[in-house]
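Visitor: My structure is below; once you've seen it, I'll send some questions.
Any read-out appearing in this document is the output of simple, stated calculations on the displayed coordinates, not a laboratory observation. This is a predicted model, so every value here is computed, not measured. Because the Cβ atoms are built from the backbone with ideal geometry, glycine has one as well, and the counts that use them run over all protein chains shown.
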Amino acid sequence: MKTISQKIKTVIAVTALVILFFCFVVTVISDTKREANTPNIELTDHWEMETKDGTFSDVSLLEKSFETLKRGDIIVITTTLPQQTITNPMMRLYTSHCSVEVFLDGDEIYEYGVERTLNNKFIGYGFLYFALPYDYSGKELTIRFISSESIDTKSLRAPTIYDSTTMMVNYAATNNRLLAMNMFLFVLGLGLVIFGIVLHLTKQRALRLASVGGFALSLSMWSMCSYHLMDIFTNDMLLKNYLEYYSLFLAPLFFLIYFWTDLKNRDTISIRATYKSLVVSQTLFLIVVTVAHFTDKLHISAAIWGQLALIIMEALGILAICLHDVIHKTFTSKALFLGIVSISFFALADVILFFFQKMGIETNKRHFSSITCMGGIVFVICLVWDYYLEHEKAKEEAIKTDALQRLAYTDPLTGIPNRRSYDDYLKVLEEKPEDFALVAVDVNGLKHINDTLGHEMGDLLITSMAECLRKTFGGGSMIARMGGDEFAAIVTDLQYKDMDSIIWKLQSEIELKNEEQPMLNISAAYGYCKRSEYPNMNAKEIYRIADSRMYVRKAQMKREGKH
């Protein structure tokens with residue numbers, strides 16, 4: 001039968017192989033579907049632009065910049081669509097916290113976020129996708145942007161016309177490796193969350209494993225949204241934005257939860273204070289931002305700089321704790337240290353790249369996001385490996401503790417409970433109202449066997465008596481060796497059991513054992529007392545009565561020559 005650690009090894013290995021195979025398939029399929037020249041028309045030049053600063057002619061969107069937009073600012077751009085046509089035309093248009101109205105020869109063909117802007121609701125940012133009529137060529141295209149809040153955007157991205165039947169396939173193919181890495185993180189994270197929760201519910205204390213999965217899920221979702229890969233799966237811009245922001249808010253929290261069991265009870269006050277302040281700050285920040293956003297007091301996008309500052313503090317804080325442990329030689333996990341160093345570096349790089357992106361500087365090229373994902377994969381693998389090593393260490397300690405407990409509560413010669421175990425069980429039983437019987441047993445002739453046949457035969461006498469007691473009392477009862485030649489038993493469920501029948505069965509078992517081992521000639525005196533006989537007495541007093549009855553029987557056996 002496989003142990004828990006062997007199961008964890010198997011699950012992790014199989015999961016990794018399945019995910020890697022999945023990523024390989026994604027890469028191969030997307031490569032086979034990639035077209036050499038994706039049909040598209042990028043509308044970069046020859047725009048008329050109207051802003052609060054005036055009207056401008058023959059504008060190139062790659063070159064034109066303007067003042068930072070404030071809430072309510074309007075930008076209108078107009079151009080004549082080229083004669084070149086694309087089958088199944090679809091326009092991709094980027095907007096950053098602006099509502100959009102699109103007109104073709106004066107007729108509105110698309111609108112996004114106008115009502116939300118008027119009601120001071122969150123608009124979001126990202127790519128919008130909408131169909132163009134097949135006869136679009138040569139018509140006048142007008143796009144009206146209304147800023148829903150003060151933003152740092154200083155330029156517009158050029159709209160692009162694509163073939164709707166091939167656009168997403170080619171987009172996925174172009175970003176196949178980045179998509180595969182994010183899917184790896186997503187599937188791995190989901191598997192770890194489920195596996196960790198299942199183990200935690202079965203008392204395996206796998207909260208750390210689930211937190212690794214939560215971090216991997218958050219990191220993959222943030223990367224997919226931030227680099228617009230989520231466009232492959234949904235066109236709902238609000239959904240994509242909420243996934244992006246909340247993934248960014250939750251990832252550090254899962255990251256901190258991983259260290260919960262290790263750091264919250266540290267002896268060093270400064271470490272406990274640092275860690276707890278980071279957890280409280282991240283949690284309160286998440287709650288306050290959520291409440292402020294959904295009550296329209298502060299949009300979630302405005303809180304991004306606070307979150308980035310928290311990420312830097314958290315990365316530096318955990319890194320400082322790790323360095324403290326390394327310096328004081330209390331840090332034992334090299335895998336965890338490698339993961340902390342790597343994610344701290346990549347988190348800092350992400351903050352810088354994200355800052356540039358929000359400032360309007362284009363950074364979402366494949367090589368940037370690939371580094372991000374690879375850093376996340378390295379970190380998650382390090383955390384999984386650290387969890388496994390920690391689990392193995394905990395398992396070894398549990399085995400040692402269990403062995404010590406068995407030594408403390410088990411008689412080493414017979415393997416049955418000892419006096420300490422008997423007393424503890426009796427204390428628990430004494431607090432319950434049910435009736436029980438205590439049996440005192442004393443083996444006759446142990447000293448004579450030791451003196452005449454040797455201590456090995458004496459030990460055989462004791463173990464043989466223990467075997468008779470096991471067969472007699474069975475389940476629902478407890479037997480114990482009290483020391484030397486003395487045994488005791490506790491019998492419960494007396495409404496279904498007859499004590500005289502049990503004593504008769506014990507005598508029968510002794511007789512059968514004597515037929516197997518006649519040289520021992522086992523005999524024993526026993527007495528019992530029920531709780532119901534003396535309801536006002538405690539368990540120790542009841543046992544003393546059973547013991548005294550046993551000695552009365554022992555004296556009788558001696559008189560009869562059965563001793």
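Visitor: Roughly how many Å is it from the Cα centre of the stretch 381-459 to that of the stretch 523-563, as a whole number?
Guide: The two parts, judged by their Cα centres, are 25 Å apart.
Visitor: Of the cross-linked pairs Lys427/Lys530; Lys70/Lys121; Lys432/Lys513; Lys513/Lys540; Lys432/Lys497, which ones have a Cα-Cα span greater than 27 Å in the structure shown?
Guide: Lys432/Lys513; Lys513/Lys540
Visitor: Only loop residues by DSSP count here, and only those with at most 11 other Cβ atoms within 10 Å; note down the chymotrypsin sites (Phe, Trp or Tyr not before Pro) in the stretch 107-141 that meet that.
Guide: Listed in order of number, the matching sites are Tyr134.
Visitor: Ok, one more. Find, among the GluC sites (Glu not before Pro) in the stretch 498-563, those assigned to loop by DSSP (not H, G, I, E, B) with at most 16 other beta-carbon atoms within 10 angstrom. Numbers along the way, then the final one.
Guide: Details: sites: Glu509, Glu511, Glu515, Glu516, Glu533, Glu541, Glu560; in loops: Glu560.
Passing sites in the stretch 498-563 are Glu560.
Visitor: Give me the distance between the Cα centres of the stretch 285-316 and the stretch 462-477, rounded to whole Å.
Guide: Value for the Cα centre distance between the two parts: 67 Å.
Visitor: Still on this structure, please answer the following. Any idea how far the Cα center of the stretch 196-244 sits from the one of the stretch 72-143, in Å?
Guide: 32 Å
Visitor: Here is a further query. What does the C-alpha gyration tensor say about the overall shape of the stretch 378-507? Classify as rounded when a/c is under 1.5, otherwise prolate if a/b is larger than b/c, or oblate.
Guide: Note, shape of the stretch 378-507 comes out oblate.
Visitor: Can you return the aspartates and glutamates within cross-link range of Lys52? Criterion is Cα-Cα under 17 Å, with same-chain partners fewer than 8 residues away left out.
Guide: Glu67, Asp73, Glu149, Asp152
Visitor: Let me ask another. Under 12 Å Cα-Cα from Lys471, which aspartates and glutamates qualify once same-chain neighbours fewer than 8 residues away are excluded?
Guide: Reachable aspartates and glutamates: Glu509.
Visitor: Which aspartates and glutamates does Lys400 reach when only Cα atoms under 16 Å apart count, and residues fewer than 8 places away in its own chain are ignored?
Guide: Partners within reach: Glu390, Glu392.
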